[in-house]
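Structure, as structure tokens:
The values are calculated or read from the model by the stated rules, or taken from the named source; none is laboratory data. Everything numeric in this text was worked out from a predicted model, so none of it was measured. Counting neighbours? That spans all protein chains shown, and the Cβs are built from the backbone with ideal geometry, glycine included.
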Amino acid sequence: MICENLLKSLSSKLSRRRLLRLAAALPLLSKSTAVMAAQQSDKAAATQQRALSRIAFGSCAHQDKDQPIWSDIMGSQPELFVFLGDNIYGDSDNPEVLAAKYAKLAAKPGFSSLRQQIEVIATWDDHDYGRNDAGREYPSKEASRKLLLDFFGEPASSERRTRPDGIYTSYLYGESGQKVQVILLDLRWNRSAITRIQDPQRQQERAAKDRGPYDVSLSAEAELLGERQWAWLEQQLQVEADVRIIGSSIQLLAEFTGWETWANFPKERQRFIELLERYQTEPIVIISGDVHWAEFSRIDETANG
């Protein structure tokens, strides 16, 4: 069984094993950024040396809106916060525009307080990448990469800054018996173009059912991760861990809705699931962002596997 955002039932199971409890933060409606980033580097080193008991995660933090959720998140006393993308709504090819919006997020009192107290790690989705539903065609990806990694205090020597194919990464927390691995994917840098529905009548029919404008991409060239990231992910799934958490900026298990999910790329989705099944020897939790609601999803193995 593979679970996505399966927090409540999993938390009791992991508590019995004295491993991990996850606190879910729903989609998220001064000091300088440089100082805050430096503080994050220090917190990361300290956090990774001890076992975690509580993790919070979320996405979709519009910098121009109030964000009262941060006080509730801090009230749950997490030791780590995972940002799953749309950390700002940049939506521009101009790095100066994105930088100004990161500054607005940094100035939010609740977020500032969170960063001063715990480690925050992050990947991106489309809006902080730079364009709505953008993929490999986005022209300012290098500038966006630098802005995000600088903002979240990524070390200057990090491979995330120089990889030719994105910002994917992983973290290990705790010692054997309480070891938690967090894998953050990059579903933007290498993603091929999404297939759009062209027929106007079909577009209208789908819109009436609140379904999106995208169709299934069946081309052999359609991809999300890229081969380098696939090879890296396979290696990561063989790292010793007692619990594995994989952060996906878009939904994995949701059936096809016409909006942006793994279901738009069924071959990639099936490849991902088969890879997890091949190496699963420990609990795996998939956490995802993008949509502005929370849900628990799962798929069960069939008689044929």
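Quick notes on this structure:
- The listed residue being surrounded by fewer than 17 Cβ atoms within 10 Å (Cβ to Cβ) and under 17 Å from PHE151 (Cβ atoms), out of GLN116, GLN63: GLN116
- Sole residue being under 18 Å from the mean Cα position of the chain (by Cα) and surrounded by 18 or more Cβ atoms within 10 Å (Cβ to Cβ), chosen from ARG206, ARG191: ARG191
- Residue among ASP125, ASP86 that alone is within 17 Å of ASP66 (Cα to Cα) and among the acidic types (Asp, Glu): ASP86
- The listed residues are TYR171, TYR214, and the only one of them that is in contact with a Phe, Trp or Tyr (Cβ under 8 Å, 6 or more places away or on another chain) and surrounded by 13 or more Cβ atoms within 10 Å (Cβ to Cβ) turns out to be TYR214.
- Inter-residue pairs, beta-carbon under 6 Å, first of a type outside the set (D, E, K, R) and in the stretch 149-173, second assigned to a loop (DSSP other than H, G, I, E, B) and buried (at least 17 other Cβ atoms within 10 Å of the Cβ), 6+ apart: GLY166/ASP186; GLY166/TRP189; ILE167/ASP186; TYR168/LEU185; TYR168/ASP186; TYR173/LEU52
Each row is one residue, and each column tells you yes or no for (1) among the charged types (D, E, K, R); (2) crowded, with 22+ Cβ neighbours inside 10 Å.
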site	(1), (2)
VAL243	no, yes
GLU255	yes, no
THR261	no, yes
ARG269	yes, no
ALA294	no, no
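Every residue, every condition in (1) hydroxyl-bearing (Ser, Thr, Tyr); (2) at pLDDT 90 or above; (3) farther than 23 Å from ILE167 by Cα, yes or no:
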residue: PRO213; (1), (2), (3): no, no, yes
residue: ALA220; (1), (2), (3): no, no, yes
residue: GLU227; (1), (2), (3): no, yes, no
residue: LEU253; (1), (2), (3): no, no, no
residue: ALA263; (1), (2), (3): no, yes, no
residue: LEU275; (1), (2), (3): no, yes, no
residue: ARG278; (1), (2), (3): no, yes, yes
residue: ALA294; (1), (2), (3): no, no, yes
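- Residue match in the stretch 242-263 (condition: in a helix (DSSP H, G or I) and under 25 Å from TRP293 (Cβ atoms)): yes
- Top-ranked residue of the stretch 274-290 - restricted to ones that are of a type outside the set (Asp, Glu) and assigned to a helix (DSSP H, G or I), ranked as surrounded by the fewest Cβ atoms within 10 Å (Cβ to Cβ): ARG278
- Candidates ARG136, ARG145: the one that is buried (at least 16 other Cβ atoms within 10 Å of the Cβ), out of contact with any Leu (no Cβ under 6 Å at 6 or more places or on another chain) and either within 22 Å of LEU185 (Cβ to Cβ) or not charged (D, E, K, R) (or both) is ARG145.
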